[in-house]
Amino acid sequence: MSLKLQTKKNHFSLFFIILCISLIFACKKKPVTGEANQEITNANQTEPQVQAQTSEEIIPASLFDFYSPALDDGQWVEDLLAHLEEERIAEELNSMEESLTEYEENAAPPVEEAPAENVEEKNISDVEKFFAEAKEGRILHGKNNELKFFEFDNEIFSPYIEDGKLVILHTNGNYTDRYFYDENYHLVKKESWNIPSVQAAKLEKSESYEYFAASSVVSKKTLTASDSIEQITYNNNAKILSSEKYALLENVKHILSKRQLVYDSEDKLLSDQLTDYYYKDNDYKELDYSFTKKYEYSANEGEIPPDFKYYENGHLRMLNKYSIEKGNYVSEVFFDDNFSVKSYYENDIRVKDLFYSDGKITREKIYEQGEQNEK
């Protein structure tokens, strides 16, 4: 008898908690009086003019008219955290219900189980094991049956419309990514946020994309972080044409590197040049030196790799010259003081080295079955 009374009391406590939460939320919605309504009406009549004037002054020109950082008041961050708090409350209530159910099951008289059959345990694949152990996702739809969010474990996926354009929110713990799409559903911007709280929310990096006209191929990508910015251009076949990376200091750009690539009519790489810039101090006021590396390629027929030359600051440092037989080639390395080493390969095995000084052979090394014979 006492057991049944305790069970009813627990049910009554759970119902009382839920009722209190509902009353608290209901009390927060206060009716608007006539005087307050008049004040709101007057404010709404004058606010658009001030907003319009302010917008002309502070909103910078943007590549994407559907998103302006100046108008982003961070309200979506508060909504996100509020949703997470609601999820936490729901999980606690669910945990209380599970505890009550478990208590009732434990209090019930034990049921004698039939002896288990002697069946050999079946082996399951890793994929089957994953789905067997995975937690069930949760989907929430709006009143018009549109997807509000999808939750799986500690991840939240939430699409919404902002200024008529699609935005997708993906949250995993403190980290949130926002994806912005244009009217053709091309990704034009991605933001990566760290949100431990509303006050500490921080945009860590962003990516923006531009496309060729009437095409889904990216023509330009810009990567922006708190201390750097990188711009990359592509050709119609999505191959990199150039890139420039800058350090950001007090909103001023300082060049860090430049890269330039050239292709032939068949999109085969002809040259790849990279220049890195080094400064004397971290204030980027005085350039110390730059270092340039360049590869030049010449295509061969069939499966023969392309011949190439490698330069450092305009000086030839290495070259590979392939024959018409695969695996047979000559590689030469150039050092300072007019010293170089030419190596011969057969079936990709090094068979001979020739050492040069001022263009003359000074020494020869022959490789035979792992042994070296010098002359």
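Where a number appears in this text, it was derived from the coordinates with a stated rule and is not lab data. Bear in mind that the values here come from a model prediction, so they are computed numbers and not experimental data. Every residue, glycine among them, receives a Cβ derived from its backbone with ideal geometry; neighbour counts consider all protein chains shown.
On the basis of the beta-carbon distance and an R0 of 30 Å, PHE355 and VAL262 show a calculated FRET efficiency of 0.30.
Which links in LYS326/LYS352; LYS268/LYS309; LYS221/LYS253; LYS189/LYS280; LYS239/LYS294; LYS165/LYS239 stretch past 24 Å when you go from one Cα to the other? Write out the running numbers ahead of the final one.
Values: LYS326/LYS352 18 Å; LYS268/LYS309 16 Å; LYS221/LYS253 17 Å; LYS189/LYS280 35 Å; LYS239/LYS294 18 Å; LYS165/LYS239 28 Å.
LYS189/LYS280; LYS165/LYS239, as the Cα separations exceed 24 Å there.
If I stretch the segment between ASN347 and SER331 completely, what's the gain in nm (0.36 nm per residue apart, minus their alpha carbon distance), one decimal?
On the way: separation 16, 0.36 × 16 = 5.76 nm, distance 1.36 nm.
That works out to 4.4 nm of additional length.
When the Cα atoms of region 221-289 are enclosed in a convex hull and the volume is divided per residue, what value in Å³ results?
Working: hull volume 5.3 nm³, N = 69.
It is 77 Å³ per residue.
Pairwise over distinct Cα atoms, reciprocal of the mean inverse distance: report the Kirkwood radius of region 302-375 in Å, one decimal place. Intermediate results must be reported in sequence, preceding the final value.
Numbers: mean 1/r = 0.0752 Å⁻¹.
Over region 302-375, the inverse of the mean reciprocal pair distance is 13.3 Å.
Efficiency by 1/(1 + (r/R0)^6): what FRET value for ALA200 and LYS285, r their Cβ-Cβ distance, R0 = 41 Å, to the nearest 0.05? Given R0 = 41 Å and the Cβ-Cβ separation, E is 0.80.
If R0 is 25 Å, the Cβ-Cβ spacing of LEU316 and ASN235 corresponds to a FRET efficiency of close to 0.35.
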